[in-house]
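The values are calculated or read from the model by the stated rules, or taken from the named source; none is laboratory data. What you see is a predicted model; the values in this text were computed from it and never measured. So basically every Cβ, Gly included, is an ideal-geometry build from the backbone, and we count neighbours across all protein chains shown.
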Amino acid sequence: MTAQDDLLYTIALTHVKLIGAVQAKTLVQSFGSAKQVFTAKTRELSHVPGIGAARAEAIKQFENFSHIETKIKFLETHGIQAIYFTDDGYPKRLLHCYDAPLLLYYKGKTDLNNQKVVSIIGTRNSTEYGKQITQQLVEVLAQHQVLIASGLAYGIDVAAHKAALQYNTPTVGVLAHGLDSMYPAAHKTIAKQMVENGGLLTEYSPGVIAEHYNFPQRNRIVAGMADATIVVETALRGGSMITAEIANNYNKDVFAFPGKTTDAKSQGCNLLIKKNKAILVTEPNDILEQMGWVNKPVRKKITRELFPELTPEESLILQALQQKNTLHIDELYAQTGLHSSTVANAILNMELNNIIQALPGKMYQVLDV
């Protein structure tokens with residue numbers, strides 16, 4: 001089978017009704033290639049976990065391969081890469097997400113597996129406050145060679161992309177449509193600039209338009225391809241809140257800048273912080289320190305005798321950490337048997353008292369004393 005055949009059947013599989021990213025990867029892993037999925041018998045397909053009779057029948061009924069050939073010609077003509085989930089160029093961070101796409105389309109020059117990647121997101125109707133924070137944030141991140149990802153939407157997204165270009169740090173826009181169009185159309189010029197110092201990325205093949213239901217799907221790539229997601233400014237509802245929730249579900253670090261309690265466009269950030277779904281940050285260096293991308297300031301060591309008396313909950317957490325040295329937040333929940341909000345409050349108090357410290361990836365360890 002040629003590489004062209006493989007691409008033809010792989011793209012075709014992503015266009016079969018009822019087949020999503022999870023089912024597509026399961027099928028390819030079960031049969032060895034996308035072509036073998038299409039040549040398999042209906043009974044064999046239906047026996048694959050998560051497929052069943054309806055999806056098996058949808059695969060056997062797919063016939064529009066000439067339409068897929070047209071898409072491949074467009075990719076070749078316009079220098080668009082089709083990146084398979086087993087290719088070296090596929091964003092490796094995204095592979096840790098169960099619903100990562102089988103195939104991505106990419107036009108650009110930057111490495112999607114840059115050593116440091118953050119997603120910067122926020123409201124489409126940004127304020128001057130939000131724009132200023134975004135500008136300052138990207139200026140500092142650029143000094144540390146951080147790749148900036150976002151959704152190329154109005155507001156905070158495009159402000160992050162523009163700042164990245166200004167400070168000459170690579171930036172990638174994740175789109176909710178094929179690379180033969182641009183939504184919003186007003187961002188065509190900046191999109192061309194991004195291809196030269198970053199790129200454009202999507203799971204949608206040429207010809208797919210920006211339907212409303214594509215945007216939440218797009219958001220999982222924004223969250224999944226990064227080490228951390230930074231929410232600059234957002235209301236209580238919207239795409240940024242969805243992306244932050246996805247990032248949390250992927251066990252990614254989420255940061256949020258607080259705002260006035262009376263400001264509707266900061267209420268989403270404030271809520272994320274309040275519910276311990278985002279780490280409060282007030283300046284870019286907070287993020288760099290939390291991610292371990294700069295040396296943290298040396299903390300004054302204190303003896304165990306000077307620690308305040310621990311609550312029973314804090315004692316449980318300390319015992320768990322002393323046994324394993326470092327633990328993920330989910331492991332702390334499991335080992336202590338405490339409610340997530342109880343653990344979060346105890347951890348915050350123990351951090352303030354220099355008993356434990358947070359590490360990248362929602363890991364925690366006991367401070368040396």
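General observations
- Top-ranked residue in region 163-177 [being surrounded by fewer than 22 Cβ atoms within 10 Å (Cβ to Cβ) and in contact with a strand residue (DSSP E or B) (Cβ under 9 Å, 6 or more places away or on another chain); ranked as nearest to Glu76 (Cα to Cα)]: His177
- Matching residues in region 45-72 - criterion: being more than 28 Å from the chain's Cα centre (by Cα) and part of a loop (DSSP other than H, G, I, E, B): His47, Val48, Phe62, Glu63, Asn64
- When residues of region 73-93 are limited to those that are out of contact with any strand residue (DSSP E or B) (no Cβ under 8 Å at 6 or more places or on another chain) and not in a loop (DSSP other than H, G, I, E, B), the one farthest from Val208 (Cα to Cα): Lys92
- Considering only residues in region 187-231 that are assigned to a helix (DSSP H, G or I) and without any contact (Cβ under 8 Å) to a residue 12 or more places away in the chain, the one that is farthest from Val16 (Cα to Cα) turns out to be Thr189.
- Qualifying residue in region 132-139 (condition: under 25 Å from Thr234 (Cα atoms) and among the acidic types (Asp, Glu)): yes
- Residues that are surrounded by fewer than 19 Cβ atoms within 10 Å (Cβ to Cβ) and in contact (Cβ under 8 Å) with a residue 24 or more places away in the chain, drawn from region 268-282: Leu271, Asn276, Lys277, Ile279, Leu280, Thr282
- Residue within region 136-145 that is within 14 Å of Val195 (Cα to Cα) and touching a Lys or Arg at 6+ places or on another chain (Cβ under 9 Å) present: no
- Some residue of region 101-119 being of a type in the set (A, V, I, L, M, F, W, C), assigned to a helix (DSSP H, G or I), at pLDDT 95 or above and outside the structural domain of Ala176 (by TED's automatic domain parsing): no
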